[in-house]
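I have placed the structure first, in the form of structure tokens, so that the comments after it can refer back to it.
What follows is calculated from the coordinates using simple rules that are stated; it is not laboratory data. Every value quoted in this text rests on a predicted model; they were computed, and no experiment measured them. Don't worry about glycine lacking a Cβ; one is built from the backbone with ideal geometry, like all the others, and counts go over all protein chains shown.
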Amino acid sequence: MRRKLAAGNWKMNGTTASLSEVSALMAAHPEPGCEVLLCPPATLVAAMAALTQGKIAVGGQDCHANASGAHTGDIAAAMLKDAGASHVIVGHSERRADHAETNEMVRAKAQAARAAGLVAVICLGETEAQRDAGETLDVIGQQLFASTPDGATGANTVIAYEPIWAIGTGRTPTLAQIAEVHDFIRSELAGRFGAEGGLMRVLYGGSVKPSNAAEIFATSNVDGALVGGASLKAADFGAIIAALDAA
Ligand code: 13P
């Protein structure tokens with residue numbers, strides 16, 4: 001009932017030359033069973049959307065909470081939509097850290113995304129110190145509650161659990177730790193949103209690669225992945241898509 005989702009976050013990587021990886025990915029996986037989403041830098045959204053023609057969904061990596069105005073350097077959700085995006089990542093831990101984004105700001109961005117007709121991919125994750133202190137579920141519960149707007153649905157919202165200490169480090173939680181957090185998120189979503197909460201996809205992110213994708217995708221309440229580094233190369237991201245299709 002929840003379609004699996006393989007999402008790639010290119011972060012601040014990629015120029016037009018990188019679109020050849022997208023062409024290679026589409027050639028190798030012309031009809032994936034799962035939904036596939038790539039979130040390139042904003043400069044590539046329009047060109048990637050023109051290339052993929054909806055076969056791979058394209059998303060932004062951030063949007064401003066306002067619809068327009070004097071916010072030099074920022075991008076409104078409607079601008080991403082206009083460029084061909086269908087999704088936008090909000091509240092990635094790198095934006096929370098680099099740009100001091102709070103849960104309240106993330107929730108406002110998710111609302112702006114919805115108003116523009118974009119699916120918001122809302123990111124959550126604990127630091128290593130918080131995990132070591134036994135605070136993981138408290139932190140995730142608080143972020144989930146405060147970053148997710150009322151009225152979120154399975155159609156307009158995806159949740160991504162990305163433990164900060166697993167991002168770009170090659171380290172991943174144990175499968176039991178992933179299951180614990182995903183089961184918790186699933187039950188919190190059901191408690192707050194009822195049946196609609198059961199329709200929201202919950203992705204795992206943090207050092208997902210071809211060698212660990214299958215076991216992560218077999219883990220309880222994991223509906224797919226948000227992939228950073230391994231989404232930049234068609235061969236790696238293609239192998240992750242294949243693992244998700246097989247799950
Ligand atoms: P890595 O897959 O490079 O660890 O990044 C995960 C991530 O932050 C995706 O948003």
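Structure values in brief
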read-out	value
VAL90 long-range amide H proximity, modeled H, under 5 Å	VAL121, ILE122, CYS123
Three-way shape call for region 12-61 based on the alpha-carbon gyration tensor, with the a/c threshold at 1.5	prolate
Calculated from backbone phi, Karplus (6.51, -1.76, 1.60) coupling profile of region 191-203 in Hz, x at Gly/Pro	x, 8, 10, x, 4, 4, x, x, 9, 7, 6, 10, 9
Gyration tensor (alpha-carbon) shape descriptor, region 116-247, a/c threshold 1.5	oblate
Label-point separation, LYS233 to SER86 (7 Å along Cα→Cβ), nm	2.8
Residue-span extension gain [GLN177 to THR153] - 0.36 nm each, minus C-alpha spacing	6.1 nm
Listed residue (ILE167, PRO149, PHE184) projecting farthest to the positive dipole end of region 137-206, Cβ model	ILE167
P(r) weight above 14 Å for region 123-165, C-alpha pairs, percent	48
Share of Cα-Cα pairs in the chain lying beyond 32 Å, as whole percent	13
Overall Cα dimensions of region 160-216 - principal axes, largest extent first, Å	35, 20, 17
The chain: relative contact order in percent, alpha carbon pairs under 8 Å with at least 6 residues between	22
Label-point separation, MET1 to GLN53 (7 Å along Cα→Cβ), nm	3.5
Hits among lysines - C-alpha to C-alpha of LYS209 under 24 Å, sequence gap 8 or more where chains match	LYS4, LYS11, LYS55, LYS233
